[in-house]
Amino acid sequence: MLENINELLEKRNLIELKKYLSNIESEDIASLLNEVNEIDEEKQAIIFRLLGKDESAEVFAELEPDIQENLINALSDKEIKEVISDLYLDDTTDLIEEMPSNVVKRILKNINITDRKLINELLNYPEESAGSIMTPEFVDLKENMTIADAFEKIRKVGVDKETIYTCYVVTLKRKLLGVVNVKDMLFAEETTSIKDIMNTNIITVNTLEDQEEVAKKFEKYDEIALPVVDKESRLVGIVTIDDAIDVMHEEAEEDFEIMAAVTPSEETYFKTSIFKHSKNRFLWLLLLMISSTITGAIITKYQTAFAALPILVSFIPMLMDTGGNCGSQSSTLIIRGLAMDEIRMKDFFKVIWKELRIALMVGVILALANGIRISIQYKNIELAITVGLTIILTVIISKILRMYTSNNC
């Protein structure tokens with residue numbers, strides 16, 4: 001695909017290129033434009049201008065912030081207005097949050113007053129809250145409407161809404177009464193009242209609820225959209241499944257970086273500067289290095305024992321590696337449990353008790369296996385017992401320490 005596009009660009013065969021792009025999915029075009037090293041900024045702007053009106057908005061929403069900034073700088077005000085007008089408000093809000101102030105001014109200049117007011121409201125919600133990822137673009141119905149009335153409204157306003165499959169029944173003061181989906185409406189008589197088919201058992205989220213908790217509700221209840229209500233139970237927006245998946249992806253990346261002892265970063269590997277990479281790793285490496293010096297200080301206190309039995313020194317790397325590996329296993333499983341909501345902070349002592357028993361069992365098995373090896377290789381029972389007991393203590397201590405730090409993370 002990249003070779004074909006580059007070839008058509010070099011030949012300046014834009015008519016053929018436009019036809020070629022029309023047969024490619026928006027997500028694939030966005031992935032292509034995100035490859036900064038493969039397509040330069042000038043070519044990115046040419047490709048983007050060749051896209052259809054609706055497709056350009058879909059592609060733009062999937063682009064990395066730096067590519068979006070490059071395109072905004074390359075496009076005219078008229079072109080920016082066309083793209084922004086086709087973006088959903090939550091995507092426009094995300095765009096504004098990512099852009100520098102000079103670009104934000106240009107974007108806001110090309111947004112109508114009504115949308116600008118809604119965007120400002122979204123920007124006022126705390127970061128990583130349900131309010132910050134919701135969209136106010138949804139279909140609302142009244143309970144006294146008939147099915148025919150409902151479909152008439154959906155046809156009139158649905159084209160600008162993020163989803164029309166799920167509709168929300170509200171009062172004049174926007175208090176949420178129920179939820180109805182298009183499938184139920186399709187199989188009902190046109191004269192049926194919305195009140196008769198709406199579901200009043202509603203799963204809602206609060207505007208200030210953490211976005212990770214919101215994502216977990218999607219996983220638990222298998223919804224494609226969840227209504228967001230304020231303290232007075234008034235419907236202010238919805239969170240859709242695509243936004244929930246983005247949150248899950250971000251949280252998974254964050255958990256993975258924590259497990260690797262790296263401070264989480266929102267930027268990709270290649271777009272993160274060397275300085276920022278170093279800063280994200282330095283603190284953890286410093287802590288690990290200090291802990292190693294403590295180990296060294298302990299070892300120096302036993303120089304006499306090592307002098308009397310030099311063979312003990314050869315077991316230090318094995319003991320340290322075993323402790324590190326056991327600790328990594330514990331931290332990985334605990335962080336996963338925290339991320340999947342299988343483990344909560346109130347389970348701290350329960351987890352300690354469970355990990356203590358696991359450590360004891362694993363330590364004893366490893367000690368027995370290593371004891372048999374030492375007895376056969378060195379024919380020294382005392383050495384086998386000493387190293388075996390050390391392994392058990394090492395495994396127990398490393399698992400408890402890793403478990404403690406994982407819960408703190």
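The values are calculated or read from the model by the stated rules, or taken from the named source; none is laboratory data. It should be emphasised that the depicted structure is a prediction, and the values quoted were computed from it without experimental measurement. Cβ: placed from backbone, ideal geometry, glycine included. Neighbour counts: every protein chain shown. Areas reflect the complete protein model, heavy atoms only, side chains present, ligands, DNA and RNA absent. Shrake-Rupley method; radii C 1.70, N 1.55, O 1.52, S 1.80 Å.
Maximal additional length on extending the Lys142-Asp54 stretch stands at 28.7 nm, based on 0.36 nm per residue less the C-alpha distance.
If you take all other residues with their beta carbon under 14 Å from the beta carbon of Ser193, and give Lys and Arg +1 and Asp and Glu -1, the sum is -4. Here the calculated FRET efficiency for Lys117 and Asp230, from their Cβ-Cβ distance with R0 = 22 Å, stands at 0.85, rounded to the nearest 0.05.
List the GluC sites (Glu not before Pro) within segment 158-190 that fall in a DSSP loop (any state other than H, G, I, E or B) and whose Cβ has at most 13 other Cβ atoms within 10 Å. Show your work: numbers first, answer last.
Numbers: sites: Glu162, Glu189, Glu190; in loops: Glu162, Glu189, Glu190.
Those that pass, being in a loop and sparsely packed, are Glu189, Glu190.
Seen against the Cα atoms of the chain and their longest principal axis, helix 113-123 is set at about 20 degrees. The candidate values are (1) 55, 31, 19; (2) 36, 23, 22; (3) 58, 26, 14; the one derived from this structure for semi-axes √(5λ) of the Cα gyration tensor in Å carries the label (1).
Length available on full extension from Leu108 to Glu3: 0.36 nm per residue minus the Cα-Cα distance, which gives 34.1 nm. For segment 5-143, the normalised intensity computed at q = 0.12, 0.13, 0.17, 0.22 Å⁻¹ comes to -0.52, -0.60, -0.94, -1.39 (log10 of I(q)/I(0), Debye sum over alpha carbons, equal scatterers, no solvent). By how many degrees, 0 to 90 and rounded to 10, does the Cα axis of helix 316-339 deviate from the longest principal axis of the chain? Value to nearest ten degrees: 30. Calculated on C-alpha atoms, the gyration radius of segment 77-147 divided by its Kirkwood radius gives an Rg/Rh of 1.07. Take every Cα pair under 8 Å whose residues are at least 6 apart in sequence, average their separation, divide by the length of segment 141-261, and the relative contact order is 22 percent.
Counting only protein chain heavy atoms and rolling a 1.4 Å probe, the accessible areas of Tyr168, Tyr125, Tyr221 rank, largest first, as Tyr221, Tyr125, Tyr168. Of Ser132, Ser273, Ser328, which is the most mobile in a GNM of the chain whose springs link Cα atoms less than 10 angstrom apart? Among Ser132, Ser273, Ser328, the largest mean-square fluctuation in the Gaussian network model of the chain belongs to Ser273.
Could you work out which residue, out of Asp86, Asp94, Asp341, moves most in a Gaussian network model of the chain, that is, has the largest mean-square fluctuation with Cα springs under 10 Å? Residue with maximal mean-square fluctuation among Asp86, Asp94, Asp341: Asp341. Electrostatic bookkeeping for Asn102 treats Lys and Arg as +1 and Asp and Glu as -1; over the other residues with beta carbon under 13 Å from its beta carbon, the sum is +2.
The local environment of Gly52, defined by Cβ-Cβ distances under 10 Å, has a net charge of -1 under the rule Lys, Arg +1 and Asp, Glu -1.
With 31 Å as the limit on Cα-Cα distance, the pairs of Lys117/Lys231; Lys11/Lys161; Lys78/Lys161; Lys183/Lys220 that go past it are Lys11/Lys161. Between 0 and 90 degrees, the angle of helix 65-74 with respect to the longest Cα principal axis of the chain falls at about 40 degrees.
In the chain, helical runs assigned H by DSSP with n ≥ 4 each contribute -39500 (n - 2.57); averaged across all residues and rounded to the nearest 500, the mean residue ellipticity at 222 nm is -20500 deg cm²/dmol.
Rounded, prolate or oblate: which fits segment 28-78, taking a ≥ b ≥ c as square roots of the Cα gyration tensor eigenvalues, rounded meaning a/c under 1.5, else prolate when a/b beats b/c?
Working: a/c = 1.44, a/b = 1.16, b/c = 1.25.
Rounded is the answer for segment 28-78, as its axis ratio a/c remains below 1.5.
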